[in-house]
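Encoded as structure tokens, the structure appears first; notes follow it.
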Amino acid sequence: MAAASSLICTFSRSNCTFSRSPNTKLVTSVYLPKSLHLHTSIRPISPTFLLIRSPLNRYSRTPRSCHLKLNVSKKNGLSSALDSLLLVCTSLALSFTLFLADVDSASAFVVTSPRKLQSDELATVRLFQANTPSVVYITNLAVRQDAFTLDVLEVPQGSGSGFIWDKQGHIVTNYHVIRGASDLKVTLADQTTYDAQVVGFDQDKDVAVLRVNAPKDKLRPLPIGVSADLLVGQKVYAIGNPFGLDHTLTTGVISGLRREISSAATGRPIQDVIQTDAAINPGNSGGPLLDSSGNLIGINTAIYSPSGASSGVGFSIPVDTVNGIVDQLVKFGKVTRPILGIKFAPDQSVEQLGVSGVLVLDAPIDGPAGKAGLLPTKRDAYGRLILGDIITSVNGKKVTNGSDLYRILDQCKVGDKVEVEVLRGDRKEKIPVLLEPKPDES
């Protein structure tokens with residue numbers, strides 16, 4: 001009889017397929033741990049493969065995985081026939097046992113050596129695994145009418161990312177992700193999909209809050225961090241769904257702080273924005289930016305790229321800004337922000353006039369500026385353009401462009417009375433204006 005050879009494998013309540021030597025025909029013995037109380041069957045399924053079935057005793061304290069050592073040798077004649085009969089009987093017994101026992105579905109495992117990770121790699125893997133259940137995929141649906149049948153259909157017009165804010169089912173994302181939607185779908189990490197309702201949004205800061213009626217055990221809020229003490233060079237991690245790809249992780253560092261970008265909806269500036277070189281692509285919008293501890297420090301919102309793809313310059317709204325906005329949206333469904341109630345000319349137009357400030361194009365009489373007496377730009381009876389007031393400062397703070405004006409108003413509250421200095425013709429005047437809340441948007 002030929003010398004015996006051995007095969008080593010690991011299984012976990014599953015069916016496993018093992019390779020054997022071509023000159024080997026039968027398995028003569030199987031050595032199992034004492035904690036394994038059920039029979040093991042081994043049968044050939046091809047000239048070079050054996051099928052081994054060995055379920056765990058559901059009532060015994062048995063580890064989820066154990067090792068099998070198979071001694072295989074070459075036999076012929078009557079001994080081979082007896083062994084074949086024994087294998088058939090064992091297979092029948094095992095099949096009957098599997099029929100009665102509640103065994104998990106089979107899973108194939110490839111026997112490989114354990115992969116060794118560096119400490120920083122292991123930390124990144126754990127961060128991704130811990131926070132992925134908190135990131136959701138948002139589908140923006142719009143109503144379209146078929147040109148031929150005139151049927152009304154809901155078709156996807158965009159998608160983005162979001163994250164779970166609390167156990168009440170609130171989802172935070174960017175406003176431009178949900179803009180123009182007739183219906184919204186939110187897909188959780190376990191691939192369950194729920195209809196979402198819009199709780200509120202802030203167009204000026206590009207933040208929106210949705211709500212889903214999902215079981216609380218499926219809702220895992222992200223831990224909220226602080227963005228005021230961030231440092232350039234600090235590691236950051238972005239999780240999202242770029243181009244519709246499910247849960248993608250990109251890493252980078254903070255490239256800059258206190259950047260300023262404009263809201264895609266209103267053009268109003270967003271201050272103190274975080275700049276990062278972590279890859280942010282279409283579909284990442286609304287996803288979280290995390291620090292190395294897994295805490296939320298921003299919402300990925302925009303990229304600077306001529307091509308529309310990631311160019312290493314991404315921007316995130318800081319969590320300190322998001323926190324206050326989300327609280328107002330959850331409580332009141334809107335953000336109360338003061339306005340002057342004017343429309344002003346583009347900065348380039350004012351520069352061409354050789355002056356510095358904000359040129360008032362329109363000041364409705366029922367708005368704060370109109371009530372206070374600010375003059376808009378208009379034409380006289382001969383069609384000649386008569387310039388309106390040019391705002392040069394508010395509460396003593398110099399105003400050179402629209403961003404300066406917005407920045408000053410962001411520091412004010414509804415009901416505050418501000419002193420607006422304007423250039424009217426060739427003279428300057430100071431006009432008190434009572435700030436009013438921004439009208440509701442539909």
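For Ile431, enumerate residues with amide H under 5 Å from its amide H, sequence gap 5+ or separate chain, H modeled in the peptide plane. Correct list: Val420, Glu421, Val422.
When Tyr406, Tyr382 are compared by accessible area of protein heavy atoms, the largest-first order is Tyr382, Tyr406, using a 1.4 Å probe. For segment 353-442, the solvent-accessible area of protein heavy atoms averages 59 Å² per residue (probe radius 1.4 Å; ligands and nucleic acids excluded). How fast does segment 338-418 diffuse by Stokes-Einstein, in µm²/s, taking the Kirkwood radius from C-alpha pairs at 10 °C and 1.306 mPa s? Translational diffusion coefficient: 120 µm²/s.
Per residue, the convex hull spanned by the alpha carbons of segment 208-248 comes to 156 Å³. Could you report the accessible area of Glu421 in Å², rounded to 10, computed with a 1.4 Å probe on the protein chains as they sit in the structure? Glu421 has an accessible surface of roughly 40 Å² with all protein chains in place. Amide H to amide H, with H built 1.01 Å from N, Val199 comes under 5 Å of Val209, Leu210, Arg211, counting only residues 5 or more places away or on other chains.
Every pair of different Cα atoms in segment 288-442 enters the Kirkwood calculation, which places the hydrodynamic radius at 18.1 Å. If a paramagnetic tag sat 7 Å from the Cα of Ile224 along the Cα-Cβ line, which residues of segment 313-332 would have the backbone N under 17 Å from that point? Only 317-332 fall inside the zone, counting backbone N under 17 Å. The convex hull defined by the C-alpha atoms of segment 220-293 has an orientation-averaged projected area of 5.6 nm².
The values are calculated or read from the model by the stated rules, or taken from the named source; none is laboratory data. These numbers come from a predicted model, not from an experiment. Quick reminder, even Gly has a Cβ in these numbers, built from the backbone with ideal geometry, and neighbours come from all protein chains shown. These accessible areas exclude ligands, DNA and RNA; they are computed on the full protein's heavy atoms, side chains included. Shrake-Rupley method; radii C 1.70, N 1.55, O 1.52, S 1.80 Å.
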